[in-house]
Amino acid sequence: MKLNINRLINEEAKGSPDLPGWFQTTRKRRSRRRAAVKHMDRKKLAHDSIMNFRKADTMLRRYLDRKVSHTGVYPTQHRLLMELDSNPSCSQVELAEKFDVSAAAIAVSLKKLEKGGYITRLADESDNRINQVSITEKGKEVIRKSILIFRETDRCFFAGFTDEEVAQFLHFMERVYKNMAEQNCRLDEEEQ
């Protein structure tokens, strides 16, 4: 009997259970080989995705730093102003907790913002150790300019994307964030 490989391949495609054992074994090897190739492709895709994410993050930061620098405040100070605009009269302690930095680091940034006239600090009437921080009109003007900058940045960042693609991107980034947050929690637990 003459063996017709093409016939076997066609029967395999149809899902025929009557294939010779050696052909099924070869099929399993091919399947494993394909899976290994896909796995290698996945590793490369994952690596390339992370590298492109890092490059995009660097470009976004550079772009925002340049745009926001025209407002007169540094990006970190800008984040403080945004927080104070949305949560008026925060204490320095609350800001330090919110940004996960030391109270001393917040104090340095706030001192510069106060010197520039962007915020005011008042000692709490019930506890002089606590400063209530408020944004001034000059600080609010920086926020108004910044909102326009962020809208422009959003348009640039997602140029050529459909609404559906933007929603997918958000969904994927939320999943990436969740994955990395879980890994960081594990590391924190291991370090304790």
Mind checking whether some residue in the range 99-114 is under 17 Å from residue 148 (Cα atoms) and either in contact (Cβ under 8 Å) with a residue 40 or more places away in the chain or among the acidic types (Asp, Glu) (or both)?
no
Of the residues in the range 73-101, how many are among the hydroxyl-bearing types (Ser, Thr, Tyr), touching a strand residue (DSSP E or B) at 6+ places or on another chain (Cβ under 8 Å) and surrounded by fewer than 16 Cβ atoms within 10 Å (Cβ to Cβ)?
1
Out of (1) in a helix (DSSP H, G or I); (2) small (Gly, Ala, Ser); (3) at pLDDT 75 or above, the one residue 72 does not meet is (1)
Of residues in the range 157-169 being surrounded by 10 or more Cβ atoms within 10 Å (Cβ to Cβ) and not small (Gly, Ala, Ser), the one nearest to residue 63 (Cα to Cα)
157
Cβ-Cβ distance below 8 Å, separation of 6 or more or different chains: which pairs start in the range 133-154 with a residue that is over 18 Å from residue 120 (Cα atoms) and without any contact (Cβ under 8 Å) to a residue 40 or more places away in the chain and end on one that is surrounded by 14 or more Cβ atoms within 10 Å (Cβ to Cβ) and among the basic types (Lys, Arg)?
none
Among (1) surrounded by fewer than 12 Cβ atoms within 10 Å (Cβ to Cβ); (2) assigned to a strand (DSSP E or B), which single condition is residue 104 missing?
(2)
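When the residues of the range 54-69 are narrowed to those that are exposed (fewer than 13 other Cβ atoms within 10 Å of the Cβ), over 20 Å from residue 176 (Cα atoms) and of a type outside the set (Gly, Ala, Ser), which ends up modelled with the highest pLDDT?
Within the range 54-69, the first condition is being exposed (fewer than 13 other Cβ atoms within 10 Å of the Cβ), and the residues that meet it are 54-59, 61-62, 65-66, 69.
The next check asks that each one be over 20 Å from residue 176 (Cα atoms); those that pass are 62, 65-66, 69.
Subset that is of a type outside the set (Gly, Ala, Ser): 62, 65-66.
Working: 62: 93, 65: 88, 66: 90.
So, considering only residues that are exposed (fewer than 13 other Cβ atoms within 10 Å of the Cβ), over 20 Å from residue 176 (Cα atoms) and of a type outside the set (Gly, Ala, Ser), the one modelled with the highest pLDDT is 62.
The values are calculated or read from the model by the stated rules, or taken from the named source; none is laboratory data. In this text the structure is predicted, and so the values were computed from the model without any measurement. No Cβ is skipped: glycine too gets one built from the backbone with ideal geometry, and neighbour counts run over all protein chains shown.
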